[in-house]
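The values are calculated or read from the model by the stated rules, or taken from the named source; none is laboratory data. None of the values given here were measured: they were computed from a predicted structure. All Cβ positions, even for glycine, are placed from backbone atoms using ideal geometry, and neighbour counts span all protein chains on display.
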């Protein structure tokens with residue numbers, strides 16, 4: 001039975017690594033995963049999912065206007081698709097999360113989505129909000145704060161390391177721009193002084 005899975009975490013928990021490992025496992029068994037990543041994230045090249053440990057794979061791009069269900073249906077006319085995998089799932093729209101539920105419910109193809117739960121201000125991303133609401137299974141991937149507690153939040157930092165408290169929700173960056181923190185240290189960084 002196909003399900004819609006949402007694997008979420010803060011930065012540096014290994015989401016892309018897990019996606020790439022899952023894709024490899026499907027391929028090793030002669031199966032065909034269909035990979036997607038956000039068009040606005042080109043840190044590692046256009047149409048590429050890459051992990052910090054060096055794994056990478058080509059992927060289809062999605063933007064806010066991409067009809068993912070239509071892409072999957074079209075793909076099925078050319079080859080078998082055994083699984084759909086989404087990196088940077090926080091950037092999905094509500095409509096795209098609905099489309100992924102249709103891939104699962106009507107096409108009977110499992111969907112594995114990987115993304116951040118909240119932004120640098122502690123707010124849910126649109127894609128994450130609807131995945132949390134509609135996914136069949138939620139899986140939290142854990143990472144730790146500098147204090148050793150579980151990190152559940154992320155802050156954006158300026159070049160000098162000071163927390164950024166305002167700005168656009170969507171800004172691509174890595175360890176140079178974002179730090180995973182526990183809730184206590186997030187509150188201290190964002191709401192103090």
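Things worth noting here:
- Summed over the range 113-146, residues that are in a loop (DSSP other than H, G, I, E, B) and either farther than 17 Å from residue 178 by Cα or in contact with a strand residue (DSSP E or B) (Cβ under 9 Å, 6 or more places away or on another chain) (or both) total 13.
- Selection within the range 56-69 - touching a strand residue (DSSP E or B) at 6+ places or on another chain (Cβ under 6 Å) and part of a loop (DSSP other than H, G, I, E, B): 59
- Number of positions in the range 100-112 that are assigned to a helix (DSSP H, G or I) and either under 11 Å from residue 135 (Cβ atoms) or in contact with a helix residue (DSSP H, G or I) (Cβ under 9 Å, 6 or more places away or on another chain) (or both): 5
- Residues satisfying the stated conditions in the range 164-178, i.e. in contact with a helix residue (DSSP H, G or I) (Cβ under 8 Å, 6 or more places away or on another chain) and modelled with pLDDT of 70 or more: 165
- Residue selected from the range 116-142 under the condition modelled with pLDDT under 95 and surrounded by 18 or more Cβ atoms within 10 Å (Cβ to Cβ), by the criterion nearest to residue 11 (Cα to Cα): 116
- Which listed residue, of 72, 97, is in a helix (DSSP H, G or I), free of Cβ contacts under 8 Å to residues at least 60 places away in the same chain, crowded, with 17+ Cβ neighbours inside 10 Å and more than 16 Å from the chain's Cα centre (by Cα): 72
- Residue list for the range 14-46, filter: in a loop (DSSP other than H, G, I, E, B) and either crowded, with 21+ Cβ neighbours inside 10 Å or at pLDDT 80 or above (or both): 14, 29, 30, 31, 32, 39
- Single residue of 53, 81, 49 found to be more than 27 Å from residue 106 (Cβ to Cβ) and either in a loop (DSSP other than H, G, I, E, B) or modelled with pLDDT under 95 (or both): 53
- Residue match in the range 131-140 (condition: within 24 Å of residue 47 (Cα to Cα) and in contact (Cβ under 8 Å) with a residue 12 or more places away in the chain): yes
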